[in-house]
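The values are calculated or read from the model by the stated rules, or taken from the named source; none is laboratory data. Predicted model only: the values in this text are computed from it and were never measured. No Cβ is skipped: glycine too gets one built from the backbone with ideal geometry, and neighbour counts run over all protein chains shown. Calculation scope for accessible area: heavy atoms of the full protein, side chains included, ligands and nucleic acids excluded. Shrake-Rupley method; radii C 1.70, N 1.55, O 1.52, S 1.80 Å.
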Amino acid sequence: MARVNDHYLELKSSYLFSDIARRIEAFAAANPGARLIRLGIGDVTRPLPPVVIRALHDAADELGRAETFKGYGPETGYAFLAEQIAAHDYAARGIKMAPDEIFISDGAKSDSANIQEIFAPDCVVALTDPVYPVYVDSNVMAGRAGKANQTGRYDRLVYLPCTEANGFNPALPDRPVDLIYLCYPNNPTGAVMSRERLTEWVEYARRHQAVILYDAAYEAYVRDPEVPRSVFEIEGAREVAIEFKSFSKTAGFTGTRCAFAVVPKELKGRSAAGDSVSIHSLWFRRQSTKFNGVPYVIQKAAAAVYTPDGQKQVRESIDFYMDNARIIKDGLTSIGLTVYGGENAPYLWAKTPGGLDSWQFFDKLLNEAHVVGTPGAGFGPSGEGYLRLTAFGHRPDTVEAIERIKTRLKL
Ligand code: PLP
């Protein structure tokens, strides 16, 4: 029998979504005819913008003609898309980024999970608590996390608590770390990180020769012009950071799949022998060995997002979701709940009332208002005492959910 990768056996089963499903099932059995509204979903609900659909059709037609057919493309993406990204996401904001520093991929999930592969197994990893679980699990699979203790934390990971007291912006690590996962605007808390705080992190990374893995999947939701939308807005970040971005939540590509990782050429790691090694070269090697590129039609569709019409249509979708966020936040605040996020992010982080824990508040919302959220404790111990709601729902559902919460919740 082949030996398995024992590190996989250290993974904690994610009970979160199966627990939610089980409770919903029990509720439905006891309350036939009740209509549940899900405000916990992390998937978008609006259709793809018309410019994207047009581009998909046109690109499909190109593939059907011998003279414009495309087979394998460049593993790291077509220049036509990387150039648009460099121009719109970076140069337009005063950031220097060469198209060949942009690696087009099939998702910020795969990129943020795969990146750890090019670092040593004994690198010390710091991540926020609560957290997007992919950062934890990918390091567990690689054997970098150690053993889970009773509280569910792994003994070799450095957890950075994000709490009400610190505005959901963690303090700098109290011991040396090599890799730091940051995600702002944050899933699940909906918090953003100020330029001053992000500058402290970049300076920390420079001092300690650490690498920041910056997940900016939700940057398009930032409305406050003072809040950075890219880690590379911070001086010196090119030497210490990798950034992940995605078309998923920006342009509705959750099912269409297109994203990118940005790895500046100045970023260096160190070999066992102590030599300086280009991280860009390692990631290029990793991607060109293990990935054969995003489909041509999908990259054409992503490029269409950068046309003037594309920008307008994407903005409309984001504004729509942010109106949902406002409806949720205003409604919950009006009945005395404390709600964070939802101003520069599609996530709302509601504090549970009356000392309820996350699951008790989840049950209360389910039983009294027939509304489903996501218990904060499912994202890590510091998520206890919160419930995550999302702005990605349909408008009538969002309005009705809030109306029900306002009129039926016994506080
Ligand atoms: N990063 C964060 C923080 C997310 O919340 C998500 C999706 O929910 C992703 C990445 C995944 O993005 P993609 O659809 O590009 O894989």
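Restricting to lysines 8 or more places apart or on different chains, can you count the pairs in region 230-322 with Cα atoms under 19 Å from each other? Walk me through the numbers before you get to the answer.
Working: K245/K265; K245/K300; K249/K300; K249/K312; K300/K312.
Close lysine pairs under the 19 Å cut-off: 5.
Between Y154 and N149, the built amide H atoms are under 5 Å apart, and every one of these is 5 or more places off in sequence or on another chain. Evaluating 6.51 cos²θ - 1.76 cosθ + 1.60 at θ = phi - 60° for every residue in region 222-239, the Karplus couplings come out as 6, 10, 6, x, 7, 8, x, 9, 8, 5, 6, 6, 8, 4, x, 5, 4, 8 Hz, glycine and proline recorded as x. I want to verify a result. In a Gaussian network model of the chain, Cα cutoff 10 Å, which of these has the top mean-square fluctuation: G190, G146, G42? Answer for the Gaussian network model of the chain: G146. Orientation-averaged projection of the chain equals 23.0 nm² [convex hull of Cα atoms, one quarter of hull surface area]. Computed from the C-beta positions of H57 and F80, the FRET efficiency with R₀ = 22 Å rounds to 0.80. Amide H contacts of G293: none lie under 5 Å away among residues 5 or more positions distant or on a separate chain (H built 1.01 Å from N in the peptide plane; Pro and chain starts excluded).
Suppose only helical runs count, i.e. DSSP H with n ≥ 4. What mean residue ellipticity at 222 nm does that imply for the chain under -39500 (n - 2.57) per run, divided by all residues and rounded to the nearest 500 deg cm²/dmol?
-10500 deg cm²/dmol
A 1.4 Å probe run over the protein chains yields, for region 264-411, 41 Å² of accessible area per residue, whole-number rounding.
Taking 0.36 nm per residue of sequence separation and removing the Cα-Cα distance, the S194/A171 pair yields an extension gain of 7.0 nm.
Remark on region 77-217: ratio of C-alpha radius of gyration to 2.2 N^0.38 Å is 1.11. Computed with a 1.4 Å probe over protein heavy atoms only, the accessible area of D58 comes to about 70 Å². Using a probe radius of 1.4 angstrom, the carbon and sulfur fraction of the accessible surface of region 40-85 is 57%. For region 177-281, the calculated P(r) over all alpha carbon pairs, in 5 Å bins from 0 to the bin holding the longest distance, is 2, 13, 21, 23, 18, 12, 7, 3, 1, 0 percent. For K12, the lysines whose Cα falls under 24 Å of its own Cα, not counting residues fewer than eight places away in the same chain, are K109, K147. Shown for region 277-411: the carbon plus sulfur share of the solvent-accessible area, taken with all protein chains present and a 1.4 angstrom probe, equals 53%. Its relative contact order, with pairs defined as Cα atoms under 8 Å and 6+ residues apart, puts region 266-411 at 19 percent. Projected label points at H208 and S281, each 7 Å from Cα along the beta carbon direction, are separated by 2.8 nanometres.
Cα centroid separation, region 66-133 to region 223-273: 7 Å.
For region 1-148, averaging the sequence separation of C-alpha pairs within contact (under 8 Å, six or more residues apart) and dividing by the residue count gives a relative contact order of 28 percent. In the full protein context, region 7-145 carries 49 Å² of accessible surface per residue, based on a 1.4 Å probe and ignoring ligands, DNA and RNA. When the Gaussian network model of the chain links Cα atoms closer than 10 Å, the mean-square fluctuations of A302, A350, A55 top out at A55.
Rounded to the nearest Hz, the phi-derived 3J(HN,Hα) couplings of region 384-394 under the Karplus curve 6.51 cos²θ - 1.76 cosθ + 1.60 (θ = phi - 60°) are 4, x, 9, 10, 8, 10, 10, 9, 8, x, 6, where x marks glycine and proline. Taking a straight Cα-Cα cut-off under 27 Å and skipping sequence neighbours fewer than 8 places away in the same chain, the lysines within cross-link reach of K406 are K329, K351, K364. Per residue, region 148-217 exposes 41 Å² of accessible surface when a 1.4 Å probe is rolled over the protein heavy atoms with every protein chain present.
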